1. Condition test on residue A:226, is it more than 7 Å from chain B (Cβ to nearest Cβ) and of a type in the set (A, V, I, L, M, F, W, C)?
2. Do we have residue A:133 as surrounded by 23 or more Cβ atoms within 10 Å (Cβ to Cβ) and within 29 Å of residue A:223 (Cα to Cα) here?
3. In contact (Cβ under 8 Å) with a residue 40 or more places away in the chain and within 23 Å of residue B:226 (Cβ to Cβ) - does that describe any residue in the range B:61-71?
4. Take the conditions over 30 Å from residue A:151 (Cβ atoms), part of a loop (DSSP other than H, G, I, E, B), more than 20 Å from the chain's Cα centre (by Cα) and not hydroxyl-bearing (Ser, Thr, Tyr) and apply them to residue A:91. Does it pass?
5. What number of residues within the range A:76-107 are acidic (Asp, Glu) and free of Cβ contacts under 8 Å to residues at least 12 places away in the same chain?
6. Just the residues that are crowded, with 20+ Cβ neighbours inside 10 Å and over 34 Å from the mean Cα position of the chain (by Cα), please, taken from the range A:260-274.
7. Considering only the range A:25-40, how many residues are at negative phi and surrounded by fewer than 24 Cβ atoms within 10 Å (Cβ to Cβ)?
8. Tell me, yes or no, whether the range B:202-212 has at least one residue that is over 17 Å from residue A:218 (Cα atoms), assigned by TED's automatic domain parsing to the domain that holds residue B:242 and in contact with a strand residue (DSSP E or B) (Cβ under 8 Å, 6 or more places away or on another chain).
There are 2 protein chains.
Amino acid sequence: MKIDKNTKILIIGLGLIGGSYAKALTEKGFFAGGLDTDQKAIDYALENKIISVGTVSPTPEYIGLFDLIIFAVYPDAILGWICQNQRYLKKNAVITDVTGIKCSFIHKVQEILRADLEFIGAHPMAGRESSGIENSSSEIFKGANYVITPTEKNTQNAKELCRELGVLLGFSNISELSPEQHDEIIGFLSQLTHCIAVSLMTCRDMNGMSEYSGDSFRDLTRIAKINDTMWSELFLLNRDKLLCQMDMFKNSFDKLYDLILKGDRDGIRDIMKKSTLNRELFDKTKGNDLV
Amino acid sequence: MKIDKNTKILIIGLGLIGGSYAKALTEKGFFAGGLDTDQKAIDYALENKIISVGTVSPTPEYIGLFDLIIFAVYPDAILGWICQNQRYLKKNAVITDVTGIKCSFIHKVQEILRADLEFIGAHPMAGRESSGIENSSSEIFKGANYVITPTEKNTQNAKELCRELGVLLGFSNISELSPEQHDEIIGFLSQLTHCIAVSLMTCRDMNGMSEYSGDSFRDLTRIAKINDTMWSELFLLNRDKLLCQMDMFKNSFDKLYDLILKGDRDGIRDIMKKSTLNRELFDKTKGNDLV
């Protein structure tokens, strides 16, 4: 299967990311359908022509209409939906997702899946502080990373289809990681950063502080405005890997603490020089992405 | 003394912030002079009409020309310069600064200062990841906070002059803190954030990571590109207060770590809800500032 103008795409979960997928695909001329538990999200998506069809109570026929299914729901919801509804899915349909962790469900899903269907994981590294379809935008994928997480059960065909989808959505950089590598790296790049922002934002009384803050504090705490339902689930589904990343950060922070305590200026400067060098790796990528 | 078009202003140190002050003041029609140890910075500032006059080897007459002196140098340099040169300063001149910590020098400076001179501290909460006059811009003060740090030795007149200067430079919000309060709050809002960014950026091997990163990681580490000479000095001059802020953050981070370890989802969500509420305080201020 390749994606073409006849490919019918179902997006399950019309929140910020699902809505942004739907917008991007509809803008490119694809037939995008929606499925959500919230009638308001469906109504909003239909009124704003983000989807061509949508429902909160899908018939077997509706489910069987689509060639490509994209889960944009919390990770815990995927396995249950597939168990209940895979019998209605079109023959040879491909299923993918957008969730922030993979190991907790991907192997189970692939185990129980009908032989003609294929599930391949993907993670768009894009988001916003605000949730909901009304905040969705096809722009959020520009300059961003898209990570495909195939297992040994996935076909070359599905990997290519997933890459095509990433290109269509407008991502700048598409890469592959195993689900295990993905969860480890995301535990660092995404989950640890949220732990830090939340800890910083709650470590003392903040009254009056906004009068004295600069951009550094605002930048470090942008993501401290956090969807607690989603992120607490993501943290706990990736608990061991996240704790491991938190330990690494704690060690690094403690080392700097000790150098400051000892007044070891050279030691502090060495760490800062390494930090500056490391940060340049991200500048370059970001720069290239945006060109 | 009030600032008017006859006020001659000397900026000592033409780096990013000194250069940005000079640009902003020259654009407003003031006579701004420069002083730096680097001839290149003086040449650049003169060629680009950022200053009207400038030198690396000031004569007593040059120093005596100015009504308002602004130190935009590392904190360690201020006391020595004043000891050596205050005898040349114009009668009743007012001196201020831009440095990120105050207690380590401000009381000493005020003690040794000539009776007719006045030193009043100020901290522009603005900056960039890049240093040097070539990166300076009068735009960096827009929407930003400006904190005046008077002591009991400062006059109402000097406080008002400092406020006027903040308004002229384009700051959105001007407030007052004692040097002690300032250093405690800046230890939190500015120094701790830099400690966190540097620790995050150096806690593991970063090779290949940029392919998978999202905006959250980029935002949290923007300031990990750091001027190690300046920041190591700032950290050590504010050591006790900074360590105290680092302890507070560590406690908060450890608390979240324990909740994740225990799998206490409600506990994690409670902290995230508090975090979201606290972050809104900063959104509002930022929003109002920019209007």
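The values are calculated or read from the model by the stated rules, or taken from the named source; none is laboratory data. Quantities reported herein were computed from a predicted structural model and do not represent experimental measurements. With ideal geometry, Cβ positions are generated from the backbone for all residues, glycine too; neighbour counts draw on all protein chains shown.
1. Numbers: more than 7 Å from chain B (Cβ to nearest Cβ): no; of a type in the set (A, V, I, L, M, F, W, C): yes.
No, not satisfied.
2. On the way: surrounded by 23 or more Cβ atoms within 10 Å (Cβ to Cβ): yes; within 29 Å of residue A:223 (Cα to Cα): yes.
The answer is yes for residue A:133.
3. Applying the first criterion (in contact (Cβ under 8 Å) with a residue 40 or more places away in the chain) to the range B:61-71 yields B:63, B:65-71.
If we keep only those that are within 23 Å of residue B:226 (Cβ to Cβ) too, we end up with B:71.
Within the range B:61-71 (the criterion being in contact (Cβ under 8 Å) with a residue 40 or more places away in the chain and within 23 Å of residue B:226 (Cβ to Cβ)), the answer is yes, since at least one residue qualifies.
4. Values: over 30 Å from residue A:151 (Cβ atoms): no; part of a loop (DSSP other than H, G, I, E, B): yes; more than 20 Å from the chain's Cα centre (by Cα): yes; not hydroxyl-bearing (Ser, Thr, Tyr): yes.
Criteria not met by residue A:91.
5. Going residue by residue through the range A:76-107, those that are acidic (Asp, Glu) are A:76, A:97.
With the extra rule that they be free of Cβ contacts under 8 Å to residues at least 12 places away in the same chain, the set shrinks to none.
Residues meeting the conditions: 0.
6. Taking the range A:260-274 and keeping what is crowded, with 20+ Cβ neighbours inside 10 Å, we get A:260, A:268, A:271-272.
A:260, A:268, listed by residue number.
7. So the first thing to find is which residues in the range A:25-40 are at negative phi, and the list is A:25-28, A:30-40.
Restricting the remaining residues to those that are surrounded by fewer than 24 Cβ atoms within 10 Å (Cβ to Cβ) gives A:26-28, A:30-31, A:33, A:37-40.
Looking only at that region, the number is 10.
8. Step one: of the range B:202-212, the residues over 17 Å from residue A:218 (Cα atoms) are B:202-212.
From what's left, assigned by TED's automatic domain parsing to the domain that holds residue B:242: B:202-212.
Filter again for in contact with a strand residue (DSSP E or B) (Cβ under 8 Å, 6 or more places away or on another chain), leaving B:211-212.
Among the residues of the range B:202-212, at least one is over 17 Å from residue A:218 (Cα atoms), assigned by TED's automatic domain parsing to the domain that holds residue B:242 and in contact with a strand residue (DSSP E or B) (Cβ under 8 Å, 6 or more places away or on another chain), which makes the answer yes.
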